[in-house]
Structure formats: C-alpha cells, structure tokens
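What follows is a set of notes on a single structure, which appears directly below.
The values are calculated or read from the model by the stated rules, or taken from the named source; none is laboratory data. Here the structure is a predicted model, which means the values were calculated and not measured. So basically every Cβ, Gly included, is an ideal-geometry build from the backbone, and we count neighbours across all protein chains shown. What goes into the accessible areas is simple: the full protein's heavy atoms, side chains included, and nothing from ligands, DNA or RNA. Shrake-Rupley method; radii C 1.70, N 1.55, O 1.52, S 1.80 Å.
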Amino acid sequence: MKMLKSLPVWPLAAPLAGWLLLFGSTFNLGGAYQILLVAGLIGSVLAAVYHAEVVAHRIGEPYGTLVLALAVTLIEVALIVSLMLAGGPETTGLARDTVFAAIMIILNGIVGICLLLGAGRHREQTFGLLGVSASLATLAAIAILTLVLPNYTSSAAGPYYNSSQLIFIAVISLVLYGTFVLVQTVRHRDYFLPKEAVGDEEVHAAPPTPTVAWVSAGALLVCLGAVVLLAKSLAPALETAIAAMGAPKTLVGIVIAGIVLLPEGLAAVRAARANRLQTSLNLALGSALASIGLTIPAVVVVSLATGLTVTLGLDIKSTVLLLLSLMVATLSLGTGRTTVMQGTVHLVIFAVYLFTTIVP
C-alpha cells in the first residue's frame with residue numbers, strides 16, 4: 001500500500017488564504033467582503049478536518065477521533081471566550097446556548113444523518129455497545145449537572161451558580177471528561193475500536209509518514225487560529241442579520257456551534273457511509289463530551305477572572321428537548337444495531353429544535 005508522503009496544495013493554501021482575508025478585513029472593504037470571509041472560514045474548516053484526519057490516521061483509533069474532537073472543541077472554546085470578552089454582559093448566556101446547540105446538533109443532527117445515510121446504504125449497521133453506553137452515560141451526567149441543575153439551586157436566584165458552585169461544577173466536568181478519556185484511550189480502549197470495513201481503502205491505507213503527520217499537526221493549529229478569528233470577525237454581521245430576521249439571540253449559539261462542528265460532522269458522515277459506524281459515533285459523542293466537558297470549565301475561569309455572570313440553566317422548553325434527546329439516544333443506540341428508523345427519529349427531534357428556536 002502506498003504511504004502518504006506529501007500533502008495536497010489546497011489544505012495548506014486554504015488557511016493561508018483565510019489569514020490573508022482576515023488581514024484584508026481591517027481595511028473596512030464593505031459588506032460584499034463578508035462573503036469572501038465566509039468562503040475563507042469554510043475553506044479553513046475543511047482544511048482543519050483534512051489535517052486532523054491525517055494526524056488521526058497516523059496515531060490510530062481511538063486516539064484519532066479524540067484528536068479531532070479536541071481540535072473542534074478548542075475552536076468552540078476560543079470562539080465563546082473571545083465573544084464573551086468582546087460582548088460583555090449581553091453574552092452571559094452565550095456559553096449555555098452554544099453548548100446546548102452543540103449537544104442537539106450532535107445527538108440529533110449529526111447522529112441522525114449518520115444513522116440515516118449509513119442504514120440507507122447498508123440497510124443495517126452495528127457498533128460496539130459498551131463504548132457508546134459509556135459515552136452516553138457521561139454525556140447525560142455532565143449535561144444535566146451543568147445545564148439543568150442550576151435552575152433548582154437556591155444559593156443564587158435564577159438559572160445561575162454562585163462562585164463556589166461554578167468552581168465545583170467545573171471540577172466535576174473535568175473529572176468526568178478526564179475519566180472518560182482514560183477509559184477510551186487506556187483502560188478499555190477495545191470498547192471504542194471499530195470493526196474494520198472490508199474493502200474500505202481509507203481504513204486499510206498505509207499511514208502518512210511522520211514528517212507529513214507533523215506538518216499536518218502544525219497546519220491544523222494554523223487552521224484553528226484562522227477559524228476562530230474569522231468567525232469572530234463575522235460575529236457582528238451575524239448578530240445584525242439575526243436581529244433583522246427577528247429571530248431570538250439563541251440562534252447565534254446555533255450558528256456558532258454549527259460552524260464549529262462542521263469538521264466533525266463531515267468526518268462522522270464519511271465514516272458512516274463507509275460502514276464504520278463505530279468511528280462515526282466515537283467522533284460524534286466524543287465531540288459532544290469534549291464540547292461540554294471542556295467549554296464549561298473554560299467559561300467558568302473567564303467568569304471568575306472578569307466578574308462576568310454566566311447563565312447556565314436552560315429554560316423549560318430546552319430542558320424538555322434535552323431530556324428527550326438523551327432518552328431517545330439511549331434507546332436508539334441501546335441495541336448495537338441501527339436502521340433508518342432511528343436516524344429518522346433523531347432528525348425529526350432536530351427539526352423540532354430548530355423550528356421552536358426560530359418560532360418559540
């Protein structure tokens with residue numbers, strides 16, 4: 001099998017173009033220039049997923065999916081923190097909205113598309129139940145403790161944690177996510193290893209050379225920086241457009257989460273279509289865990305350092321959708337086999353989430 005000894009031009013050129021476009025945005029070139037910034041952002045995202053997959057192929061599973069999940073989460077954390085620091089008190093709910101959007105997009109949107117397209121092509125797909133069960137249990141615990149419990153504590157009025165509670169919940173989130181990573185990569189690594197699809201060239205292809213892997217790792221960092229700064233540059237225009245539509249501000253969190261999860265989503269869908277549903281679910285659920293398990297502690301640090309109040313508790317409608325999503329995911333992924341039925345159910349819930357966000 002031929003080993004990858006060099007990289008194509010486009011994954012290296014895309015982030016450089018993004019940085020050049022970002023530099024050009026300092027000259028106030030008008031509204032039409034925003035289209036170029038969007039193109040630069042999409043190109044940088046696609047380049048990021050390419051480089052992350054090269055690194056992942058070099059180090060193997062399940063470390064590869066962990067690398068991509070952490071890379072995507074770093075984008076999300078940087079975006080949220082930068083927008084919070086720039087927006088001030090008006091962005092107190094941004095972390096909550098973005099994390100909740102990420103969970104809904106992953107559990108219902110990405111997983112739904114993967115199950116539907118994968119089963120549509122292969123009729124029925126299987127995966128290891130033990131790894132998925134551990135992922136869902138950890139995700140349910142972190143999600144409820146960070147997004148639902150704040151509504152029912154009494155030390156601080158409203159959907160908030162006080163300072164000591166914020167510190168405690170940040171530590172708990174890190175403990176749960178850290179334990180999950182330990183289980184995934186060391187103690188029970190076999191739970192997360194996919195059954196290799198026969199005839200899948202991507203699985204059986206020789207890994208890239210160490211030099212190519214290191215170049216991709218560096219290029220991945222360049223891509224992530226371009227994505228963060230381009231998204232931050234586009235944020236004011238995004239908020240203005242959403243306000244002009246008359247849509248609620250929570251839609252900003254959905255758009256940010258959608259941009260951040262695009263690399264993860266593309267990689268997961270490709271794996272599902274190649275009949276590697278285990279890899280697809282590792283990517284999706286691992287990203288959801290990294291999103292909430294690392295974002296919340298980062299936001300807590302920013303809150304304590306700057307004095308900004310962070311709103312974490314969801315409203316009743318969002319709480320119902322979160323609980324429904326966790327329950328359905330537990331049931332649909334609880335047999336180790338999936339068909340188009342499970343994919344359809346997840347996508348319907350996702351459609352309800354989007355509709356009720358725009359039309360509350």
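Summary table
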quantity: Around Ile259: net Lys/Arg minus Asp/Glu count, Cβ-Cβ under 13 Å; calculated: -1
quantity: Cα lying deepest toward the dipole's positive end in the chain, options Ile106, Leu117, Pro263, charges on Cβ; calculated: Leu117
quantity: Apportionment of accessible area to carbon and sulfur, the chain, percent (1.4 Å); calculated: 70 percent
quantity: Cα lying deepest toward the dipole's positive end in the stretch 200-327, options Leu321, Pro208, Gly286, charges on Cβ; calculated: Leu321
quantity: Kyte-Doolittle at least -1.0, axis length at least 18 Å by Cα - qualifying DSSP helices, the chain; calculated: 10-24, 33-59, 63-87, 129-147, 163-182, 210-245, 250-273, 277-306, 316-332, 340-358
quantity: Trypsin sites (Lys or Arg not before Pro) lying in DSSP loop within the stretch 248-289, provided at most 14 other Cβ fall within 10 Å; calculated: Lys249
quantity: The chain - percent relative contact order, Cα under 8 Å, separation 6 or more; calculated: 38 percent
quantity: Potential extension, Ile59-Ser133 segment - 0.36 nm per residue separation minus Cα distance; calculated: 24.2 nm
quantity: Lys, Arg +1 and Asp, Glu -1 on Cβ, resulting dipole of the stretch 215-360 about Cα centre, debye, nearest 20; calculated: 320 debye
quantity: Spin-label model distance (nm) - Leu36 vs Asp190, 7 Å beyond Cα toward Cβ; calculated: 5.6 nm
quantity: 17 Å cut-off, amide nitrogen to a point 7 angstrom out along Glu124 Cα→Cβ, residues in the stretch 269-285; calculated: 275-278
quantity: Solvent-accessible area per residue, Å², over the stretch 68-182 with all protein chains present [probe radius 1.4 Å]; calculated: 38 Å²
quantity: Separation of the Ile358 and Leu324 label points, Cα + 7 Å toward Cβ, nm; calculated: 1.7 nm
quantity: Distance in nm between pseudo-label sites at Asp315 and Val348 (7 Å out along the Cβ direction from Cα); calculated: 2.5 nm
quantity: Most mobile of Ala134, Ala156, Ala298 in a GNM of the chain (Cα contacts under 10 Å); calculated: Ala156
quantity: Which labelled figure in [x] 30, 60, 11, 0; [y] 30, 56, 13, 0; [z] 27, 58, 14, 1 is P(r) over Cα pairs in 20 Å bins from 0, in percent, once derived from the coordinates; calculated: [x]
quantity: Area of Glu90 that stays accessible when all protein chains are in place (1.4 Å probe, Å², to 10); calculated: 150 Å²
quantity: Given charges at beta-carbon only (K, R positive; D, E negative), |dipole| of the chain in Debye; calculated: 380 debye
quantity: Exposure of Tyr353 as accessible area (Å², to 10), given a probe of 1.4 Å and all protein chains; calculated: 10 Å²
quantity: Computed lengthening from Thr211 to Thr306, 0.36 nm per intervening residue step minus Cα-Cα distance; calculated: 30.1 nm
quantity: Overall form of the stretch 251-319 per C-alpha gyration tensor (a/c, 1.5; a/b vs b/c); calculated: prolate
